[in-house]
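Heads up: the structure comes next, in structure tokens.
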Amino acid sequence: MLSRAALSCRGLTHGRSLYSRVRTTVSSHMKYVPASNTAHQHSRQWSSIPFMTMPLIRSHGKPFAHRSELKHAKRIVVKLGSAVVTRGDECGLALGRLASIVEQVSVLQNQGREMMIVTSGAVAFGKQRLRHEILLSQSVRQALHSGQNQLKDMQVPVLEARACAAAGQSGLMALYEAMFTQYSICAAQILVTNLDFHDEQKRRNLNGTLHELLRMNIVPIINTNDAVVPPPEPNSDLQGVISIKDNDSLAARLAVEMKADLIIVLSDVEGLFDSPPGSDDAKLIDIFYPGDQQSVTFGTKSRVGMGGMEAKVKAALWALQGGTSVVIANGTLPKISGHVITDIVEGKKVGTFFSEVKPAGPTVEQQAEMARAGGRNLATLKPEQRAEIIYSLADLLTDNRDEILAANRKDMEEAEEKGRLAPPLLKRLSLSTAKLNSLAIGLRQIAASSQDSVGRVIRRTRIANELELEQVTVPIGVLLVIFESRPDCLPQVSALAIASGNGLLLKGGKEASNSNQTLYRLTQEALSIHGVKDAIQLVNTREEVEDLCRLNKLIDLIIPRGSSQLVRDIEKAAKGIPVMGHSEGICHVYVDSEASVEKVTRIVRDSKCEYPAACNAMETLLIHRDVLRTPLFDQIIDMLRVEQVKIHAGPKFASYLTFSPSEVKSLRTEYGDLECCLEVVDSVQEAIDHIHKYGSSHTDAIITENEATAEYFLQHVDSACVFWNTSTRFSDGYRFGLGAEVGISTARIHARGPVGIEGLLTTKWLLRGENHVVSDFAEQGSMKYLHENIPVPQRTSS
């Protein structure tokens, strides 16, 4: 076995995972200061950075301020730490991780980006080879002398790091070349030392070589020449030049020299933490602002490698000062490392992003924590206090009508100028006096019905004498509601969250930003009545929806309000957070053979034409075969033509006609416009079967005068809402008397259909006893279970 000294690759011993700790209790000593008026007046620097003695001479540009801008990175350096490249036993390479990294780099290279890799691994690869050779040599010698193989008695001497590097570098490079060849990409090796950056001629040569390789679409693979490099000397940085003490500083020096847009530093931790990773309160620092930090302390180094997190942060700050953006992330976790590089370049929230620009407001994580605390305070208010907040918001909507409509006109004008919104979405975006009046009425309905919501006793049971159990309603927690193009959603959802005592994060579409800001300010004003402003937060940062869906420790339920594509994307992106919504609104109206002529055209018109963009609008019209070639059928067709509805023929309907409308491409289509599918069925059972096969379990209706047929339809159609002789458009929280809705759920767990206050509540159990213990109820115990139901008194609204 290798000795402990042999396992200390490059003179390092084992240690815990890297971590950094940001202390906020110490007065600031690292702050942004302007450069002096010297020859370096265009550079940036932070005082008290021990490894920098002079400002960096650089003027090629500023680093990206926001993650979303990383997708524009053209030249990228990927730094692979020893812990990423090396196996857990430190002898040999992690081939699976390395193959995944090469694949991601190849994808980005083939997108037209210029990729460079700074890699570790030569020492580990060489250690594996030399260890094998020594063991083999010793086994041969022992076999010759003793006649038997005694491998278990052998001891491997300490392996010198430079020898390991010399033995491993060629194999490491051969491995990279073989992997990149699979993607038709050529790689080139460059070995450097500190002197190559200190000597001006060597610097120019290195710079020229790298630029030529990038011009030829070749991926340079750079490593320190560990076979000859001397041990790093502390505090040996030259003026304005970071010394190459490890591959972190090499990556930073190289990126600045080559004017790279981004460095991705991969190690065995997710990034910077505010306390040691793995500790109970450890939180990943999403964005690190060097100009704002007050005190930074660091833990031990990685199990392998020359640098620790301290070296990474120093190198990152140096590169950031030089105009290159930096992300430190984990490259070892199997579920993450397979797409960590491409995720970072796409702007996803991975690792710690270094930025010079600090946003004015709180981060979305802080907003979620504020909503959690504010929601708990909201839930402890008396029911009449929560109702008072909602009544106040309703009054504010009408009192500030002109201001709201002015903000909405600005959104409408911008949307029309850009021409990106379809007419149905423009209609959703538009607010009017009538809409605001309806909003106010709906909010007052919510306030009136909220008196008996939170804390309502659902069940009481006497478990035993003086041991009583209650099941009571409580808020779900923190809701994330994502909505598109419909600013009226903001006060509706806010009122429902207030009534149910939930914290709320709102993410609206940028097309409605002016309207949303105005409505949110009024909501905050109403919440201020009882000091619970924090309970509702509007996310204004550049957070991507997918990143919000990763906050599974902060958000309890996601409710999407928008297109079916939005809902599907959120369901796919949600990481451990339940999603309540409907992926599609494929609603059917079935015209039975005994339908009333007067009712059919009226109901079909309203279902399809009143608001075709709504999720409860009819998308497929099913007609009984006996209705074909009758005056009723002609009236239906004439009405649809007058309303300019484009008809797509279902397969069976098309077979009845010599000349038919265009045949439908799919019977499972949500048009969201003045279009619909028309299909023929032979019976009510065939209509039900069609709905179950092609519908989305949203809303389906039957038009018939036969009560038995209608009841059969109502009982057998398995949708959230099933109607008889009425428009599908009634599937709505306001129209159901719920005041409003957070959405319509087609799920089968918890809430279904239009979701009002009740759908935003869950329950908890309260047990009140008097020195009771379970052992008293054992077979020979002194107590017996009673399990008696206790009547629940009905609460009256004030």
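The values are calculated or read from the model by the stated rules, or taken from the named source; none is laboratory data. The model shown is predicted, which means the values in this text are computed figures rather than measured ones. Cβ: placed from backbone, ideal geometry, glycine included. Neighbour counts: every protein chain shown. All accessible areas refer to the heavy atoms of the entire protein, side chains included, with ligands and DNA or RNA removed. Shrake-Rupley method; radii C 1.70, N 1.55, O 1.52, S 1.80 Å.
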| task | Quick one: which residues, 5 or more positions from Phe288 or on another chain, have an amide H under 5 Å from its amide H? H modelled 1.01 Å from N in the peptide plane, none for Pro or chain starts. | result | Phe353, Phe354, Ser355
| Estimated vicinal HN-Hα couplings, Hz - segment 548-565 in sequence order (Karplus 6.51, -1.76, 1.60; Gly, Pro = x) | 4, 6, 8, 7, 5, 8, 10, 10, 9, 7, 10, 10, x, 10, x, 5, 4, 5
| Of the trypsin sites (Lys or Arg not before Pro) in segment 402-459, which ones lie in a loop per DSSP and count no more than 13 other C-beta atoms within 10 Å? | Arg420
| query | Out of every Cα-Cα pair in segment 550-693, what percent are more than 27 Å apart? | reply | 30
| query | What part of the accessible area of segment 362-497, given as a whole %, is carbon or sulfur when the probe is 1.4 angstrom? | reply | 48
| query | Quick one: length gained pulling Glu525 to Asp682 fully straight, 0.36 nm per residue minus the C-alpha distance? | reply | 50.7 nm
| How big is segment 349-403 in terms of Cα radius of gyration and Dmax, in angstroms? | 17.6, 47
| said: What is the percent carbon and sulfur in the accessible area of segment 74-119, measuring with a 1.4 Å probe over the protein chains and ignoring ligands? | reply: 50
| query | Tell me, what is the per residue accessible area of segment 590-652 in Å², probe radius 1.4 Å? | reply | 43
| query | Name the residues of segment 672-715 whose amide N is less than 13 Å from a point 7 angstrom out from the Cα of Lys652 along the C-beta direction? | reply | 678-694
| request: Could you compute the FRET efficiency for Glu758 and Ala282, with r as their C-beta to C-beta distance and R0 at 41 Å, rounded to 0.05? | output: 0.65
| query | For Arg486, which sequence-distant residues (separation of 5 or more, or a different chain) have an amide H within less than 5 Å of its own amide H, given hydrogens modelled in the peptide plane? | reply | Gly509
| task | For a quick protection proxy, order the peptides 277-287, 486-496, 606-616 by their average other-Cβ count within 10 Å, most packed first. | result | 486-496, 606-616, 277-287
| field | Distance between modelled label sites at Ile749 and Lys575, nm, 7 Å Cα→Cβ extension | value | 2.0
| request: May I ask you to list the trypsin sites (Lys or Arg not before Pro) in segment 669-743 that are in a DSSP loop and have at most 10 other Cβ atoms within 10 Å of their Cβ? | output: none
| request: May I ask you to compute the full-extension gain from Asn217 to Val792, defined as 0.36 nm times their residue separation minus their alpha-carbon distance, rounded to one decimal in nm? | output: 199.4 nm
| Can you pull the accessible area of Val717 for me, 1.4 Å probe, Å² to the nearest 10? | 10
| Which cross-chain or sequence-distant (5 or more) residues have an amide H under 5 Å from the amide H of Glu675, H modelled 1.01 Å from N in plane? | Lys646
| query | Of all accessible surface on segment 507-591 at a 1.4 Å probe, what whole percent is carbon and sulfur? | reply | 44
| query | Roughly what % of DSSP beta bridges within segment 367-522 run antiparallel, to the nearest 5? | reply | 50
| remark: Of the convex hull drawn through the C-alpha atoms of segment 739-798, the volume per residue in Å³ is 174
| message | Just the number please: accessible area per residue for segment 668-754, 1.4 Å probe, all protein chains included, in Å². | response | 40
| task | Quick one: divide the alpha-carbon radius of gyration of segment 526-585 by 2.2 N^0.38 Å and tell me what you get. | result | 1.30
| request: Give me the net charge of Glu511's neighbourhood, meaning all other residues with Cβ under 15 Å from the Cβ of Glu511; Lys, Arg count +1, Asp, Glu -1. | output: +3
| task | Note the full-extension length gain between Glu403 and Lys693 as 0.36 nm times their separation in residues minus their Cα-Cα distance, in nm to one decimal. | result | 99.6 nm
| query | What is the spin-label model distance, in nm, from Asp199 to Glu663 if the labels are put 7 Å beyond Cα along the C-beta direction? | reply | 7.7
| message | What is the sum of charges, Lys and Arg at +1 and Asp and Glu at -1, for the other residues whose Cβ falls under 13 Å from the Cβ of Ser683? | response | -4
| What is the calculated FRET efficiency for Gln182 to Lys510, with r their C-beta to C-beta distance and R₀ = 45 Å, to the nearest 0.05? | 0.65
| field | Förster radius 22 Å - calculated FRET efficiency between Lys74 and Thr209, Cβ distance, rounded to 0.05 | value | 0.70
| query | To the nearest µm²/s, what D does Stokes-Einstein give for segment 370-492 at 10 °C and 1.306 mPa s, using the Kirkwood radius over alpha carbon pairs as Rh? | reply | 91
| query | ³J(HN,Hα) across segment 391-401 via Karplus (A = 6.51, B = -1.76, C = 1.60, θ = phi - 60°), whole Hz, x for Gly/Pro? | reply | 4, 5, 5, 4, 5, 5, 4, 7, 5, 10, 4
| note | Mean accessible area per residue over segment 542-588 (1.4 angstrom probe, all protein chains present, square angstrom) is 41
